[in-house]
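Data first, discussion second: the structure below is written as structure tokens.
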Amino acid sequence: MILRVLLAISLCAVGQGLDNGLALTPPMGWLSWERYRCNIDCDNDPDNCISENLYMAMADAMVSEGYKDKGYEYVNVDDCWMEKERDANGTLVADRKRFPHGMKWLADYMHAKGLKLGIYEDFGTFTCGGYPGSKFYLEKDADTFASWGIDMVKLDGCYSDIEDMEYGYPAMSFFLNQTGRPMLYSCSWPAYVVFYQKIPDYKKIASYCNIWRNYADIQDSWDSVRGIIEFYGNDTGNFSLVAGPGNYNDPDMIIVGDYGLSYDQQRVQMAMWAIMAAPLLMSIDLRNVKPETKALLQNDYIIMINQDKYGSMGRRIMKSGPYEVWTKKMGLDDKGMAFAFLNLDDAGGPIPISMPLYQLGLNIAEGYNITEGFTGKFIGTLKPHDILNATVDPSGVWLGVAYFDC
Ligand SMILES: *[C@@H]1O[C@H](CO)[C@@H](O)[C@H](O)[C@H]1NC(C)=O
Ligand SMILES: *[C@@H]1O[C@H](CO)[C@@H](O)[C@H](O)[C@H]1NC(C)=O
Ligand SMILES: *[C@@H]1O[C@H](CO)[C@@H](O)[C@H](O)[C@H]1NC(C)=O
Ligand SMILES: *[C@@H]1O[C@H](CO)[C@@H](O)[C@H](O)[C@H]1NC(C)=O
């Protein structure tokens, strides 16, 4: 029942940013970096090295294990896919040994399965892994990617000057557009600006990029996830207000299914990435996912919150020591809201949290139907001054959805 209601309240809003018809909701898919890094040792580790075989295996699993049916569609190549030198004409070449059929063939493979292929480059002279960067070749590389049938381009920022990014990232946006092929544009630009302790101009960034990384790379640990949640909760520069159809802040990959998180912590990452309207780009071995983890990654209610067409990014509205409350508007007119009670404490047992609905910003006098966010279980119909009671595990979350059923 809640699925139907959420669909009904999820009306389309028009964003102010880059308009190439892409990322109308946060993109979903898979990205190699966190899990597979720059592993180029195919002789000793053929199943896990950066090669066409890896991306094909992930694409196969994305379809056969049911991820595609839930909306995951991009299979994204990250760093270390190239030859160390461009060809005689200055064109990028995929590593001839690890990608013997080339990138166009790999893109065709994805498209035949109803999936999309993303690729990685860098705005500077080199990629972070030391491969040829796009500096002086932006237009050529945009044309090359279009000719290969690429669907998403992530442009990193190693080996470049942040002063140049103001011109370079918009230039690449222009060249991508000029190719005539819609390619989702992922910019690492603000992450570098933040690294130098400046506040990015997020409105400008949103006018050139579909999604953008704001903060440090995710690592396979709870500390890393917690740090990212803190950065996003701080919302320095009010970047949450820039999110909407076509434009999303990217807190980096989903590590649910790797080694670093407990089950409760996996729930936190899924709940918070849904609340933040974040891209859901898994960086895990899709050939080998435990059933309970797969159920989280494919949870219909979580995906519904994440993919809400209004595209509002949730914000931290309260913080008291390790306890936080976050809310995300769903649909227009404040009729729907997802909310999270977050317990970042790592001591003791579950804690009770009680809160009247109006403190969440839910003020319609007739009241709201409340459901639990992972299961859709109906909790009750509550009015603004009624108290909602929840219990939250350590390093855990209680997720809820409220909607006004008129
Ligand atoms: C370079 O471009 C020329 C002219 O378009 C073409 O004939 C040649 O095959 C290209 N060389 C490479 C290495 O792609
Ligand atoms: C190029 O930009 C125009 C104007 O914003 C837009 O309508 C068009 O869809 C874009 N095309 C591509 C391929 O990104
Ligand atoms: C969040 O803000 C607090 C208070 O200003 C600051 O101490 C902390 O370093 C910030 N965290 C991040 C990850 O930026
Ligand atoms: C962010 O928005 C708040 C109001 O919500 C405003 O007081 C503050 O100045 C804004 N900060 C920035 C950096 O834009």
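The values are calculated or read from the model by the stated rules, or taken from the named source; none is laboratory data. What you are looking at is a predicted structure, and each value in this text was computed from that prediction instead of being measured. Glycine also receives a Cβ, built like all others from the backbone with ideal geometry; neighbour counts cover every protein chain displayed.
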**OP:** Check off (1) within 21 Å of Arg181 (Cβ to Cβ); (2) at pLDDT below 95; (3) in a helix (DSSP H, G or I) for Gly17 and give me the number that stays unchecked.
**Re:** (3)
Original post:
Is it the case that the range 366-386 has a residue that's more than 18 Å from Gln307 (Cα to Cα) and in contact with a Cys (Cβ under 9 Å, 6 or more places away or on another chain)?
Top reply: yes
**OP:** Pick out the one residue from Ser221, Ser188 that is closer than 17 Å to Met272 by Cα, away from ligand 4 (no atom under 16 Å from the Cβ) and in contact (Cβ under 8 Å) with a residue 12 or more places away in the chain.
**Re:** Ser221
Original post:
If you go through the range 231-250 one residue at a time, do you hit one that is within 28 Å of Tyr159 (Cβ to Cβ), assigned to a loop (DSSP other than H, G, I, E, B) and within 16 Å of ligand 4 (Cβ to nearest atom)?
Top reply: yes
**OP:** Would you be able to say whether some residue in the range 306-322 is in a loop (DSSP other than H, G, I, E, B), among the hydroxyl-bearing types (Ser, Thr, Tyr) and under 18 Å from Gly71 (Cα atoms)?
**Re:** yes
**OP:** Could you pull out the residue among Glu83, Glu73, Glu65 that is in contact (Cβ under 8 Å) with a residue 60 or more places away in the chain, surrounded by 15 or more Cβ atoms within 10 Å (Cβ to Cβ) and away from ligand 2 (no atom under 16 Å from the Cβ)?
**Re:** Glu65
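Table: residues versus (1) of a type outside the set (A, V, I, L, M, F, W, C); (2) surrounded by 15 or more Cβ atoms within 10 Å (Cβ to Cβ).
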position: Lys377; (1), (2): yes, no
position: Leu382; (1), (2): no, yes
position: Pro394; (1), (2): yes, yes
position: Gly400; (1), (2): yes, yes
Subject >> Residues that are within 30 Å of Gly396 (Cβ to Cβ), within 16 Å of ligand 3 (Cβ to nearest atom) and not hydrophobic (A, V, I, L, M, F, W, C), drawn from the range 191-230 >> reply: Arg213, Asn214, Tyr215, Asp217, Gln219, Ser221, Asp223, Ser224, Arg226, Gly227, Glu230
**OP:** Have a look at Asp156, Asp141, Asp217 and point out the one that is surrounded by fewer than 16 Cβ atoms within 10 Å (Cβ to Cβ), charged (D, E, K, R) and more than 13 Å from ligand 2 (Cβ to nearest atom).
**Re:** Asp217
Original post:
Residue check: is Tyr185 among the aromatic types (Phe, Trp, Tyr) and either in a loop (DSSP other than H, G, I, E, B) or out of contact with any Phe, Trp or Tyr (no Cβ under 9 Å at 6 or more places or on another chain) (or both)?
Top reply: no
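Per-residue answers, yes or no, for (1) outside the structural domain of Gly244 (by TED's automatic domain parsing); (2) in a loop (DSSP other than H, G, I, E, B); (3) within 24 Å of Glu83 (Cα to Cα); (4) without any contact (Cβ under 8 Å) to a residue 24 or more places away in the chain:
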site: Asp143; (1), (2), (3), (4): no, no, yes, no
site: Ala146; (1), (2), (3), (4): no, no, yes, no
site: Pro170; (1), (2), (3), (4): no, no, no, no
site: Gly180; (1), (2), (3), (4): no, yes, no, no
site: Gln197; (1), (2), (3), (4): no, yes, no, yes
Subject >> Filter result (closer than 19 Å to Leu399 by Cα and either within 16 Å of ligand 4 (Cβ to nearest atom) or in contact (Cβ under 8 Å) with a residue 60 or more places away in the chain (or both)) within the range 251-267 >> reply: Ser262, Asp264, Gln265, Arg267
Original post:
So is Tyr263 in contact with a helix residue (DSSP H, G or I) (Cβ under 9 Å, 6 or more places away or on another chain) and more than 16 Å from ligand 2 (Cβ to nearest atom) or not?
Top reply: yes
Original post:
So which residues in the range 295-353 are among the hydrophobic types (A, V, I, L, M, F, W, C) and at pLDDT below 95, if there are any at all?
Top reply: Met330, Leu332, Ala347
**OP:** Please specify each residue of the range 209-225 satisfying the condition of being part of a helix (DSSP H, G or I) and over 16 Å from the mean Cα position of the chain (by Cα).
**Re:** Trp222, Asp223
